[in-house]
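In what follows, a structure is listed as structure tokens, so that the remarks can point back to it.
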Amino acid sequence: MSYILETRGLTHVYGAGTPFERKALDAVDVAVNKGEILGVIGHTGSGKSTLIQHFNGLLKPTSGEVLLDGQPIWTPEGKCPRAVRFRVGLVFQYPEYQLFEETIAKDIAFGPRNMGLSQAEIDERVAESMRLVGLSEELAGQSPFALSGGQKRRVAIAGVIAMRPDVLILDEPTAGLDPAGRDEILNEIEAYHRETGATVLIVSHSMEDIARVADRLLVMSDAHVFACGTPREVFARGEEIISIGLDIPEITKVILELRRRGFDLDPSIYTVEQAVAALRAYKEGHKC
Amino acid sequence: MLNDITIGQFFPGNSPVHRCDPRVKLVIEIAMIVTLFLAKGLVSYGLLALYLFAVIKISDIPAKMVVRGLKPVLFIIIFTAVLNIFYTPADHYLWEWKFLHISAAGLWVAFFMVVRIMLLIAGTTMLTYTTSPIELTDGLESLLGPLKRFHFPVHELSMMMSIALRFIPTLIEETEKIISAQKARGADFDSGNLLQRIRAMIPILVPLFISAFRRADELATAMECRLYRGDVGRTRMKQLRVSTVDYQAIAFSGVLFAAVIILGRGFGL
């Protein structure tokens, strides 16, 4: 068993006892494999943000438990050790708004410094994470507030990567970026995953982004896990996914429409390459 | 911790209390505060408490939420009670120890003080619970209207107030987000000495200020784009109008407050 993160019957209720009481997670069982890239998809209010905040102990489950490497992250006394936050790095949505230091290097060093590392180790990690997110060395001494939005976001992601977490969770890392910026950020996340072998969770509602990088997908809907599996397995249920108000990749929509018109194609196609191959094969098959 | 802030919180509804004109509610509120300070004995305070219970009942606001509004002032309530119990001078003391003494009169004063503060806070929370911030500032602007003659910037003030009230929940949400983000990077707000704790606030305050300025800037641009240029020539979508429910509220409150004042001042009840 190599689940790095696991939840069992995880339930979270917001505002218990007020008129605004709302169940954000209802008996959720999720297992994350070591070293995979897991895409988490869901509507606003489906519980995905609540779920990821349980993974590093920022939120306490109303009931159920969260296991990291098979160990519950909450002690029986109801405490969550700070070390969990260093092992499970969480990058929030629009992380550029959390920058506060005078220089980029100092801001990235905030996490490692909180870990109590030596100055030499901190410097090394800052340099390494700046390289990983594609920030040039000369920027280290500059103010983060002088940067562009996309660059600021890189600094914020580097600030979490510098803690060298075993699990890196990113909430909507590409929100509000232009297509080029999105590609770059996704490439850097993939590079980080390749180089360090860390487990990566990406929350997004862009199916295109997620289908591109994820090994497996977790679809949340209405406080429950709606589907969990490889992109192929998940997108094979394309019509159901549309019915809960989520989008599927454009190419999958094309294939579904073709199927409706009587072409017998695999409904789980989710990249243009797969579609091209499938259509070629179809053409060949019907020539004979 | 931040969830306890109920100032400016509004519970939408369609009760007669909600439908009341904000100006009428504001005037009644002020009258109630004045009456509260003129009440004297069990009967007059009891009558006012009953009045408030009736208002809460009619408004459909859960009583629990009103009690929650009292939580932030709990310390002040306890503090006043303790001071009054121990320091009210009297001829006859029930209990004495050095400079501390308890008298029957002191207990009564403390009791009425506590009731007075609680009613005061509960009354004002009811006003904000049942009146949207926009209505409230509209009402205030209309009531302070005559001051415009003396070049008092009534409209500007009420606009500033609307904006401030509008942004309280936004900034609370923002603060919670920033706290979570810094915690995720291992920030520690709960240990260390005073100096360390103050320094631990920097990672929260800097982003919060930056975001407040950014929001202010964006809002100013948005207002300019819609050609906002202050009070002159500005009309309202919702005109304030005094209707039947307002007359009923005025009559009900007026009679009751008069009774309280007569009982309290005239008969000392």
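Assorted remarks:
- Residue in the stretch A:153-165 that is open to solvent by less than 50 Å² (accessible area, probe 1.4 Å), more than 9 Å from chain B (Cβ to nearest Cβ), out of contact with any Leu (no Cβ under 7 Å at 6 or more places or on another chain) and among the charged types (D, E, K, R) present: yes
- The single residue among A:Leu135, A:Leu99, A:Leu67 that is within 11 Å of another protein chain (Cβ to nearest Cβ) and surrounded by 14 or more Cβ atoms within 10 Å (Cβ to Cβ) turns out to be A:Leu99.
- All of B:Leu50, B:Leu36 fail the test of being within 22 Å of the chain's Cα centre (by Cα), open to solvent by 50 Å² or more (accessible area, probe 1.4 Å) and not aromatic (Phe, Trp, Tyr), apart from B:Leu50.
- Count of the stretch B:184-215 residues, restricted to those that are surrounded by fewer than 13 Cβ atoms within 10 Å (Cβ to Cβ), more than 11 Å from chain A (Cβ to nearest Cβ) and not in a helix (DSSP H, G or I), is 2.
- Just one of the numbered conditions (1) open to solvent by 40 Å² or more (accessible area, probe 1.4 Å); (2) touching a His at 6+ places or on another chain (Cβ under 8 Å) is not true of A:Leu246: (1).
- Whenever a residue of the stretch B:82-109 is open to solvent by 100 Å² or more (accessible area, probe 1.4 Å), its partners that are part of a strand (DSSP E or B) and among the aliphatic types (A, V, I, L, M), lying with C-beta atoms within less than 6 angstrom and at least six residues away or across chains, give the pairs B:Leu94/B:Ile102; B:Trp95/B:Ile102.
- Per-region count, the stretch B:67-81, residues open to solvent by 80 Å² or more (accessible area, probe 1.4 Å), among the hydrophobic types (A, V, I, L, M, F, W, C) and touching a residue at least 40 places away in the same chain (Cβ under 8 Å): 1
- Only one of B:Thr221, B:Thr235 that is more than 21 Å from B:Ile178 (Cα to Cα), outside the structural domain of B:Met32 (by TED's automatic domain parsing) and either in a helix (DSSP H, G or I) or in contact with a helix residue (DSSP H, G or I) (Cβ under 7 Å, 6 or more places away or on another chain) (or both): B:Thr221
- Identification of helices (runs of 4 or more DSSP H) wholly contained in the stretch B:1-94 with 2 or more residues that are at pLDDT below 85 yields B:63-70, B:74-87.
- Beta carbons closer than 7 Å, at least 6 apart along the sequence or on distinct chains, pair a first residue in the stretch B:42-66 that is at positive phi with a second that is open to solvent by 20 Å² or more (accessible area, probe 1.4 Å) for B:Asp60/B:Gly13.
- Boolean, A:Ala275 is over 26 Å from A:Asp171 (Cα atoms), open to solvent by less than 50 Å² (accessible area, probe 1.4 Å), at pLDDT 85 or above and not in a loop (DSSP other than H, G, I, E, B): yes
- Taken over the stretch B:157-168, the criterion of being of a type outside the set (Val, Ile, Thr) and surrounded by 14 or more Cβ atoms within 10 Å (Cβ to Cβ) is satisfied by B:Leu157, B:Ser158, B:Met159, B:Met161, B:Ser162, B:Leu165, B:Arg166, B:Phe167.
- B:Lys177 being part of a helix (DSSP H, G or I) and under 27 Å from B:Ala220 (Cα atoms): yes
Each row is one residue, and each column tells you yes or no for (1) closer than 26 Å to A:Gly111 by Cα; (2) surrounded by fewer than 17 Cβ atoms within 10 Å (Cβ to Cβ); (3) within 14 Å of chain B (Cβ to nearest Cβ).
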{"site": "A:Ser2", "(1), (2), (3)": "no, yes, no"}
{"site": "A:Tyr14", "(1), (2), (3)": "no, yes, yes"}
{"site": "A:Ser46", "(1), (2), (3)": "no, no, no"}
{"site": "A:Ile52", "(1), (2), (3)": "yes, no, yes"}
{"site": "A:Leu58", "(1), (2), (3)": "yes, no, yes"}
{"site": "A:Pro72", "(1), (2), (3)": "yes, yes, no"}
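The values are calculated or read from the model by the stated rules, or taken from the named source; none is laboratory data. The structure displayed is predicted, hence computed values, not measured ones. Cβ atoms come from the backbone with ideal geometry, glycine included; neighbour counts cover every protein chain shown. Just so you know, the surface numbers come from the protein's heavy atoms only, side chains and all, with ligands and any DNA or RNA stripped out. Shrake-Rupley method; radii C 1.70, N 1.55, O 1.52, S 1.80 Å.
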